[in-house]
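Take a look at this one; I'll ask things after.
The values are calculated or read from the model by the stated rules, or taken from the named source; none is laboratory data. Source: prediction; values computed, not measured. Ideal geometry is used to build each Cβ from the backbone, glycine not excepted, and the neighbour counts take in all protein chains shown. Each accessible area value is taken on the protein alone, full model and side chains, heavy atoms only, with ligands, DNA and RNA left out. Shrake-Rupley method; radii C 1.70, N 1.55, O 1.52, S 1.80 Å.
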Amino acid sequence: MASILKVDTLTGVTTAGSISVTGEGNSTTINLQQGLCKSWFKFNQDTPAVTDSFNISTITDGGTGNHSGNFTNNMNNANYANSCMKQAELHNADCTEYTTGSNSTSAVNRVDLENNALRDAANTNTLTFGDLA
(Lines give C-alpha, C1' and ligand atoms only; values in the text may rest on other atoms or scores of the structure.)
Protein backbone atom coordinates (compact mmCIF):
# COMPACT_ATOMS: atom_id res chain seq x y z
CA MET A 1 0.00 0.00 0.00
CA ALA A 2 1.33 3.46 -0.91
CA SER A 3 1.86 6.10 1.76
CA ILE A 4 1.56 9.88 1.70
CA LEU A 5 4.00 11.95 3.74
CA LYS A 6 3.02 15.59 4.34
CA VAL A 7 5.62 17.86 5.95
CA ASP A 8 6.61 21.51 5.84
CA THR A 9 10.33 21.02 6.60
CA LEU A 10 12.88 18.26 6.02
CA THR A 11 15.93 18.31 8.28
CA GLY A 12 18.90 15.94 8.31
CA VAL A 13 19.63 14.08 11.56
CA THR A 14 23.43 14.40 11.58
CA THR A 15 23.57 17.78 9.82
CA ALA A 16 20.41 19.85 9.50
CA GLY A 17 21.07 20.91 5.89
CA SER A 18 22.19 17.52 4.60
CA ILE A 19 19.83 14.76 3.55
CA SER A 20 21.03 11.60 1.76
CA VAL A 21 18.83 9.82 -0.75
CA THR A 22 19.38 6.26 -1.93
CA GLY A 23 20.03 6.23 -5.67
CA GLU A 24 18.86 3.87 -8.35
CA GLY A 25 19.93 0.27 -7.75
CA ASN A 26 19.99 0.83 -3.96
CA SER A 27 23.81 0.78 -3.91
CA THR A 28 24.72 4.47 -3.72
CA THR A 29 23.50 7.58 -1.97
CA ILE A 30 23.41 11.18 -3.14
CA ASN A 31 23.01 14.42 -1.22
CA LEU A 32 19.57 15.86 -1.95
CA GLN A 33 20.65 19.52 -1.64
CA GLN A 34 23.54 19.10 -4.10
CA GLY A 35 21.16 17.98 -6.84
CA LEU A 36 18.68 20.83 -6.55
CA CYS A 37 18.60 23.81 -8.92
CA LYS A 38 19.50 26.84 -6.77
CA SER A 39 18.14 29.50 -9.14
CA TRP A 40 16.52 29.84 -12.54
CA PHE A 41 15.00 32.57 -14.62
CA LYS A 42 13.14 32.97 -17.88
CA PHE A 43 13.88 36.38 -19.37
CA ASN A 44 12.66 38.34 -22.40
CA GLN A 45 15.59 40.52 -23.50
CA ASP A 46 13.45 42.36 -26.06
CA THR A 47 11.00 43.82 -23.52
CA PRO A 48 13.06 43.47 -21.13
CA ALA A 49 11.04 41.51 -18.59
CA VAL A 50 11.38 38.51 -16.30
CA THR A 51 8.71 35.98 -17.27
CA ASP A 52 9.29 33.82 -14.19
CA SER A 53 12.12 33.06 -11.77
CA PHE A 54 13.32 31.35 -8.60
CA ASN A 55 15.96 32.89 -6.27
CA ILE A 56 16.44 35.87 -8.61
CA SER A 57 15.81 39.35 -7.18
CA THR A 58 16.46 41.47 -10.28
CA ILE A 59 17.95 41.30 -13.77
CA THR A 60 20.69 43.69 -14.90
CA ASP A 61 20.63 44.50 -18.62
CA GLY A 62 24.25 44.78 -19.78
CA GLY A 63 23.40 45.76 -23.36
CA THR A 64 22.50 43.80 -26.46
CA GLY A 65 22.69 40.05 -25.82
CA ASN A 66 24.10 40.48 -22.31
CA HIS A 67 22.29 40.29 -18.99
CA SER A 68 22.82 39.15 -15.39
CA GLY A 69 20.49 37.47 -12.93
CA ASN A 70 21.03 38.79 -9.40
CA PHE A 71 20.50 36.14 -6.73
CA THR A 72 18.09 36.68 -3.84
CA ASN A 73 20.20 34.25 -1.78
CA ASN A 74 23.86 34.31 -2.82
CA MET A 75 25.94 31.34 -3.89
CA ASN A 76 28.76 30.10 -1.63
CA ASN A 77 31.39 30.74 -4.33
CA ALA A 78 31.60 31.69 -8.01
CA ASN A 79 32.38 28.10 -9.12
CA TYR A 80 28.77 27.04 -9.63
CA ALA A 81 27.44 25.37 -12.77
CA ASN A 82 25.02 26.98 -15.22
CA SER A 83 22.93 25.93 -18.15
CA CYS A 84 21.70 28.51 -20.67
CA MET A 85 19.19 28.21 -23.47
CA LYS A 86 17.50 30.62 -25.86
CA GLN A 87 15.08 30.63 -28.73
CA ALA A 88 16.59 31.84 -32.01
CA GLU A 89 15.28 35.14 -33.34
CA LEU A 90 16.56 34.56 -36.89
CA HIS A 91 15.59 31.68 -39.20
CA ASN A 92 18.36 29.03 -39.35
CA ALA A 93 20.53 31.03 -36.95
CA ASP A 94 23.70 29.64 -35.41
CA CYS A 95 23.02 30.28 -31.70
CA THR A 96 25.48 30.37 -28.83
CA GLU A 97 24.61 31.02 -25.20
CA TYR A 98 27.14 31.02 -22.39
CA THR A 99 27.82 32.32 -18.94
CA THR A 100 30.87 34.53 -18.67
CA GLY A 101 33.86 34.31 -16.37
CA SER A 102 32.49 37.34 -14.54
CA ASN A 103 30.04 35.28 -12.46
CA SER A 104 30.11 36.18 -8.79
CA THR A 105 28.51 34.89 -5.61
CA SER A 106 25.71 37.43 -6.09
CA ALA A 107 24.98 37.21 -9.85
CA VAL A 108 25.25 35.03 -12.96
CA ASN A 109 26.10 36.82 -16.22
CA ARG A 110 25.14 35.42 -19.63
CA VAL A 111 25.75 36.34 -23.26
CA ASP A 112 23.66 35.46 -26.31
CA LEU A 113 24.95 35.33 -29.88
CA GLU A 114 23.29 34.61 -33.20
CA ASN A 115 25.52 34.12 -36.24
CA ASN A 116 28.48 35.31 -34.10
CA ALA A 117 26.85 38.67 -33.24
CA LEU A 118 25.39 39.78 -29.92
CA ARG A 119 21.61 39.62 -30.14
CA ASP A 120 18.70 39.96 -27.72
CA ALA A 121 16.17 37.14 -27.61
CA ALA A 122 12.55 37.06 -26.49
CA ASN A 123 12.92 33.67 -24.81
CA THR A 124 16.03 32.97 -22.70
CA ASN A 125 16.44 30.56 -19.79
CA THR A 126 19.26 30.23 -17.23
CA LEU A 127 19.60 27.55 -14.52
CA THR A 128 22.20 27.57 -11.72
CA PHE A 129 23.45 24.60 -9.66
CA GLY A 130 25.90 24.77 -6.74
CA ASP A 131 26.12 25.57 -3.03
CA LEU A 132 24.16 28.43 -1.49
CA ALA A 133 26.01 30.62 1.00
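Just the number: Rg to Rh for the chain, Cα atoms, Kirkwood Rh, two decimals.
Rg/Rh: 1.08.
Specify which residue in the list 64, 37, 93 is farthest towards the positive end of the charge dipole of the chain, using unit charges on the beta carbon of Lys, Arg (+1) and Asp, Glu (-1), about the Cα centre.
Toward the positive end, the furthest listed residue is 37.
Using amide H atoms built in the peptide plane, which far-off residues or other-chain residues are under 5 Å from residue 12 H to H?
Counting only residues 5 or more places away or on other chains, the set is 17, 18.
Something else: List the lysines whose Cα lies under 28 Å from the Cα of residue 86, skipping any in the same chain that are fewer than 8 positions away.
Hits, sequence-local ones excluded: 38, 42.
Here is a further query. What does the charge count near residue 67 come to, summing +1 for each Lys or Arg and -1 for each Asp or Glu among other residues with Cβ under 13 Å from its Cβ?
Counting the neighbours of residue 67, the net charge comes to -1.
Right, another one. Starting at the first residue of the range 16-24, write each ³J(HN,Hα) from the Karplus equation 6.51 cos²θ - 1.76 cosθ + 1.60 with θ = phi - 60°, in whole Hz, x for Gly and Pro.
3, x, 10, 10, 8, 10, 6, x, 4
Using r as the Cβ-Cβ distance of residue 2 and residue 105, and R0 as 35 Å, what FRET efficiency do you calculate, to the nearest 0.05?
Working from the Cβ atoms, E equals 0.25.
Taking all protein chains as present, what is the carbon and sulfur share of the accessible area of the chain, in % to the nearest whole number, probe 1.4 Å?
On the way: 4150 of 8310 Å².
Ligands and nucleic acids excluded, carbon and sulfur reach 50 percent.
What ranking do 19-29, 5-15, 112-122 get when scored by the average of other Cβ atoms within 10 Å per residue, highest first?
Numbers: 19-29: 9.8, 5-15: 7.5, 112-122: 16.3.
The packing order, highest mean first, is 112-122, 19-29, 5-15.
Any idea what the dipole of the range 80-126 comes to, in debye rounded to 20, about its Cα centre with Lys/Arg Cβ at +1 and Asp/Glu Cβ at -1?
160 debye
Mind checking the full-extension length gain between residue 118 and residue 131? Use 0.36 nm per residue of separation minus the Cα-Cα distance, one decimal, nm.
1.6 nm
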